[in-house]
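The values are calculated or read from the model by the stated rules, or taken from the named source; none is laboratory data. Quick caveat, the model's predicted, so the values are computed rather than measured. When we count neighbours, we look across all protein chains shown, and the Cβ atoms used for this are built from the backbone with ideal geometry, even at glycine.
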Amino acid sequence: MTRDAKAVVCREWGQPITVETIKVAPPKRNEITIKVAACGVCHSDLSATTGKIQYPPPLVLGHEAAGVVIEVGEGVTDFKEGDHVVSSFISMCGKCRQCVRGRPVLCENARKAMFTLPDGTVRTTDADGNDLNVFGACGVMAEYATLHVDNAVKIEEGVPLQNAALVGCAVMTGVGAVFNTAKLEPGSRAAVFGIGGVGLNAIQGCATAGAEMIVAVDTNDKKLEMAKEFGATHTVNINEVDDAAKAVKKLTGGVDYAFECVGAGAVAAQAYKCLGRGGTAVVVGVADPRDKTEIGTLSLPADERTLKGSWLGSARPQHDFPRILALYKAGKLKLDELITQTYSIDQAPQAFDDMVAGKNARGVIVFD
Ligand code: NAD
Ligand code: ZN
């Protein structure tokens, strides 16, 4: 059946988000409808409202949710009503060259599912009957969402859904950048630039993986305090030093791993610059498509440095989402502490404002 759902929509780049009642059509073949329980507010959602991430509006926001399956479409065998699921903003077909070589975040078919479902259509319409695009084939900042099975991961029951939601982006992205992309070795020295929901998880990933030193770098002292709670051993406030990369180098002698979790070429350059010999800089932040960066070319060969990117923490979502939840249940990853503030969907504009003001580790919209 078609359902009415309150949803957070970007109508136009540069304009405030709106909370609207939309219609969510039932699942077609290989699709499921979920009743969303919670959805985290990620900087990428904000970037989609400014045009930094260029998904065309009108766009239902949200890509970091957990919920319960309430209807399954024809041909669905892996999900049934009542299953708990986490959304994946990467569509994983499971069959293309990248999927079969174990790199589902690079799925060759995912490009078809950036702001629509994989078949290029949507199940979401506004009050006037116009189609609404969906962020990352998800659009889960809404009471209900119809997803393709390639964008959903089944999880065990027993984990609060507002915690599980964060695994769909912030936790997987930050922890995965450390575990999967960098493959950080115990005893390493690390720096994390940008202590938002993603950066905090890079910090706790470094701590869990056994880093010796973890330097948190941000412009906001409150974020740097949070970083210490998640395992940072040192902090640098950019506003209090001439050059953040030099300050990190002075503290560590040059790091083995640096993680850029801001989304700006200038910060990627800093992350690269603070590396020691043999170091790896991982760019996680999503920059404007026109943004460029600059690095010292000679240091690549002479210091054997590496500069690489990380998309959803190089995840294999079907394997890694449950793995992360298992680490949480074993007390090895903090998820409860990530949720600074919860909001109703009507309070979504406040949740976005609070993210911009740097008030939260993560703000989460919870549904009745
Ligand atoms: P956030 O808004 O919660 O946090 C960003 C943090 O960066 C804030 O604490 C802010 O104070 C800090 N900051 C801003 N400018 C800085 C600077 N020049 N130097 C150091 N710190 C600075 O954001 P988030 O949700 O954690 O997302 C972070 C980035 O990661 C965004 O670009 C987002 O789009 C991106 N992202 C990437 C992926 C991926 O798969 N690669 C997934 C999710 C989010
Ligand atoms: Zn995100």
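Can we say Ala232 is more than 16 Å from ligand 2 (Cβ to nearest atom) and buried (at least 19 other Cβ atoms within 10 Å of the Cβ)? Here the answer is yes, as Ala232 does meet what is asked.
For the subset of region 342-351 comprising residues that are surrounded by 20 or more Cβ atoms within 10 Å (Cβ to Cβ) and within 16 Å of ligand 1 (Cβ to nearest atom), which member is farthest from Lys228 (Cα to Cα)? The extreme case among them is Ala348.
Under the condition of being on the phi > 0 side of the Ramachandran plot and surrounded by fewer than 24 Cβ atoms within 10 Å (Cβ to Cβ), the residues counted in region 174-215 number 3. Apart from one condition, Thr235 fits all of (1) farther than 26 Å from Leu300 by Cα; (2) more than 12 Å from ligand 1 (Cβ to nearest atom); (3) of a type in the set (Val, Ile, Thr); the exception is (2). Residues that are within 20 Å of the chain's Cα centre (by Cα), more than 22 Å from Val100 (Cβ to Cβ) and assigned to a helix (DSSP H, G or I) within region 297-344 comprise Ile324, Leu325, Ala326, Leu327, Tyr328, Asp336, Glu337, Leu338, listed in sequence order.
Just to be sure before I move on: is Gln54 within 16 Å of ligand 2 (Cβ to nearest atom), surrounded by fewer than 20 Cβ atoms within 10 Å (Cβ to Cβ) and either at negative phi or in a loop (DSSP other than H, G, I, E, B) (or both) in the structure I sent? Criteria met by Gln54. Among the residues of region 236-251, is there at least one that is closer than 22 Å to Ser314 by Cα, of a type in the set (Val, Ile, Thr) and out of contact with any Pro (no Cβ under 7 Å at 6 or more places or on another chain)? Checking region 236-251: not a single residue is closer than 22 Å to Ser314 by Cα, of a type in the set (Val, Ile, Thr) and out of contact with any Pro (no Cβ under 7 Å at 6 or more places or on another chain). Cβ-Cβ distances below 6 Å connect the following pairs, each with a first residue in region 230-247 that is in contact (Cβ under 8 Å) with a residue 24 or more places away in the chain, a second residue that is of a type in the set (Lys, Arg) and surrounded by 19 or more Cβ atoms within 10 Å (Cβ to Cβ), and a separation of six or more residues or different chains: Ala245/Lys273. Select from region 308-333 the residues that are of a type in the set (D, E, K, R) and buried (at least 20 other Cβ atoms within 10 Å of the Cβ) and list them in ascending order. Hit for region 308-333 is Asp320, nothing else.
Could you tell me whether Val72 is at pLDDT 95 or above, within 13 Å of Thr146 (Cβ to Cβ) and either away from ligand 2 (no atom under 16 Å from the Cβ) or among the polar types (S, T, N, Q) (or both)? Answer is yes for this residue. Filter region 73-103 down to the residues that are touching a residue at least 60 places away in the same chain (Cβ under 8 Å), in a loop (DSSP other than H, G, I, E, B) and farther than 16 Å from Ser314 by Cα, then identify the one that is farthest from ligand 1 (Cβ to nearest atom). By that ranking, first place goes to Val76. Are any residues in region 313-341 of a type in the set (Gly, Ala, Ser), on the phi < 0 side of the Ramachandran plot and away from ligand 1 (no atom under 14 Å from the Cβ), and if so, which ones? Answer for region 313-341, where residues must be of a type in the set (Gly, Ala, Ser), on the phi < 0 side of the Ramachandran plot and away from ligand 1 (no atom under 14 Å from the Cβ): Ala326, Ala330. Restricting attention to region 268-312, the residues that are more than 16 Å from ligand 1 (Cβ to nearest atom), farther than 16 Å from Ser188 by Cβ, touching a Phe, Trp or Tyr at 6+ places or on another chain (Cβ under 9 Å) and of a type in the set (A, V, I, L, M, F, W, C) add up to 1.
Please state which of the following conditions Gly194 fails to meet, knowing it meets all the rest: (1) modelled with pLDDT under 95; (2) near ligand 1 (Cβ under 10 Å from one of its atoms). Result: Gly194 fails condition (1) only.
When we screen Gly265, Gly278 for residues that are at positive phi and more than 16 Å from ligand 2 (Cβ to nearest atom), the only hit is Gly278. Applying the set (1) outside any helix (DSSP H, G or I); (2) over 21 Å from Gly51 (Cα atoms) to Ala271 leaves exactly one unmet item: (1). Just one of (1) more than 30 Å from Leu224 (Cβ to Cβ); (2) at pLDDT 95 or above; (3) out of contact with any strand residue (DSSP E or B) (no Cβ under 7 Å at 6 or more places or on another chain) fails for Gly158. It is (2).
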